[in-house]
Amino acid sequence: MAGAREFISVAREEIGYQEGFSDGHWDNDNKFGRWYGMNEEAWCGMFVSWVADRSGNGDIVPRYAWCPAGVEWFQERGRWSEYPAVGSVVFFGPGGGNHTGICIGYTDDEITTIEGNTNDSGSAEGDGVYLKTRPRKSSYVYGYGVPEFPEGAVVADPDWKGRPGVVHFGEQADESDIPAGGDATPAPAPQEEKRTADETATDSAPDPRQVVIDGLAYGPGSTGEHITRLGEMLVRAGCGAYRVGPGPEWTEADTESVRRYQRMIGDTGADADGIPGPRQLARLTEEYGR
């Protein structure tokens with residue numbers, strides 16, 4: 001059963017898990033990275049994504065490895081706050097780009113979290129899954145993505161008080177404040193003209209060539225600032241095929257630019273189809289992201 005309790009419960013079961021150790025050092029080999037398809041990389045975001053998937057919350061928590069992609073996902077959906085919430089996804093560092101974890105409770109002064117790829121000292125590049133207590137008002141805490149849990153949100157944000165779907169507001173809260181069942185009152189849906197099932201399916205069906213990486217769509221029909229950023233990195237890589245742009249709407253120039261990059265790094269065949277894969281995007285971001 002999906003929800004905040006299950007999200008936290010699955011995360012708790014992983015406390016104490018440690019990545020591989022070889023040649024005298026921790027090596028980032030872990031089950032979360034293997035599941036995600038990017039093993040032996042920094043895996044804090046992959047841990048959160050894995051917990052969301054295993055707890056049935058994969059539709060309300062993004063699948064991400066790159067922390068800024070998780071921040072953007074929540075912000076685009078109006079589920080972002082500078083205040084903690086029970087079961088929220090917390091992001092650390094400038095722009096939320098350093099590290100991420102799951103907030104399971106908070107007081108006036110502290111937050112309690114479960115984090116992957118950290119250690120006793122709270123490093124953003126650690127060795128396992130740890131239960132942590134961190135200063136709530138630290139500048140290192142960038143903000144929180146608040147999943148739209150079926151039982152509602154337990155929040156500290158005063159601007160969220162009275163918001164549909166908020167079931168508890170307070171300056172301190174923990175798992176005991178989560179309702180036992182899904183009794184949150186959802187926001188009323190706007191009235192709209194009735195449409196046939198075929199019309200709805202046609203409008204919502206994505207292009208079959210699209211891929212979703214870290215919760216963001218790439219390929220024909222995809223839009224967003226992440227598409228602009230992708231194009232800018234491709235230009236810096238010397239692979240740009242743009243006459244105008246790049247911009248936030250995917251165009252044939254994006255496809256050709258990606259294809260040029262894929263060929264530049266030695267990929268061929270289906271791996272050079274103009275649609276980025278997770279490995280290719282991670283390498284492009286590492287080499288040409290800013």
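Tabulated values for the structure
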quantity: Flag for R34 being surrounded by fewer than 19 Cβ atoms within 10 Å (Cβ to Cβ), part of a helix (DSSP H, G or I), touching a strand residue (DSSP E or B) at 6+ places or on another chain (Cβ under 7 Å) and among the basic types (K, R); calculated: no
quantity: Qualifying residue in region 6-14 (condition: of a type in the set (D, E, K, R), surrounded by 17 or more Cβ atoms within 10 Å (Cβ to Cβ) and farther than 24 Å from R283 by Cβ); calculated: yes
quantity: Search result, residues across region 67-84 that are outside any helix (DSSP H, G or I) and surrounded by fewer than 24 Cβ atoms within 10 Å (Cβ to Cβ); calculated: R77, G78, R79, W80, S81, E82, Y83
quantity: Residue count, region 257-266 (criterion: open to solvent by 20 Å² or more (accessible area, probe 1.4 Å) and either within 27 Å of the chain's Cα centre (by Cα) or of a type in the set (A, V, I, L, M, F, W, C) (or both)); calculated: 3
quantity: Hey, D254 among the acidic types (D, E) and part of a loop (DSSP other than H, G, I, E, B) or not; calculated: no
quantity: Out of R54, R63, sole residue that is of a type outside the set (A, V, I, L, M, F, W, C), open to solvent by 30 Å² or more (accessible area, probe 1.4 Å) and under 12 Å from the mean Cα position of the chain (by Cα); calculated: R63
quantity: Filtered residues of region 227-245 (kept if outside any loop (DSSP other than H, G, I, E, B) and either among the hydroxyl-bearing types (S, T, Y) or surrounded by fewer than 20 Cβ atoms within 10 Å (Cβ to Cβ) (or both)); calculated: T228, R229, E232, V235, R236
quantity: Residue selected from region 100-120 under the condition closer than 15 Å to Q18 by Cβ and without any contact (Cβ under 8 Å) to a residue 40 or more places away in the chain, by the criterion least open to solvent (accessible area, probe 1.4 Å); calculated: N119
quantity: Residue check, R259 touching a residue at least 12 places away in the same chain (Cβ under 8 Å), among the basic types (K, R), under 25 Å from A42 (Cβ atoms) and part of a helix (DSSP H, G or I); calculated: no
quantity: Only one of G105, G116, G87 that is assigned to a strand (DSSP E or B) and under 18 Å from W160 (Cβ atoms); calculated: G105
quantity: Output for region 132-152, where each listed residue is in contact (Cβ under 8 Å) with a residue 40 or more places away in the chain and out of contact with any Lys or Arg (no Cβ under 8 Å at 6 or more places or on another chain); calculated: R136, Y142, G143, Y144, F149, P150
quantity: Where a residue in region 272-290 is at positive phi and open to solvent by less than 30 Å² (accessible area, probe 1.4 Å) and its partner, wherever it lies, is among the small types (G, A, S) and not in a loop (DSSP other than H, G, I, E, B), with Cβ under 9 Å and at least six apart; calculated: G274/S257
quantity: Check on G56, of a type outside the set (D, E), in contact (Cβ under 8 Å) with a residue 60 or more places away in the chain and in a loop (DSSP other than H, G, I, E, B); calculated: no
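The values are calculated or read from the model by the stated rules, or taken from the named source; none is laboratory data. As the structure is a prediction and not an experimental result, all values here were calculated from the model. Because the Cβ atoms are built from the backbone with ideal geometry, glycine has one as well, and the counts that use them run over all protein chains shown. Keep in mind that these areas ignore ligands, DNA and RNA; they rest on the heavy atoms of the full protein, side chains included. Shrake-Rupley method; radii C 1.70, N 1.55, O 1.52, S 1.80 Å.
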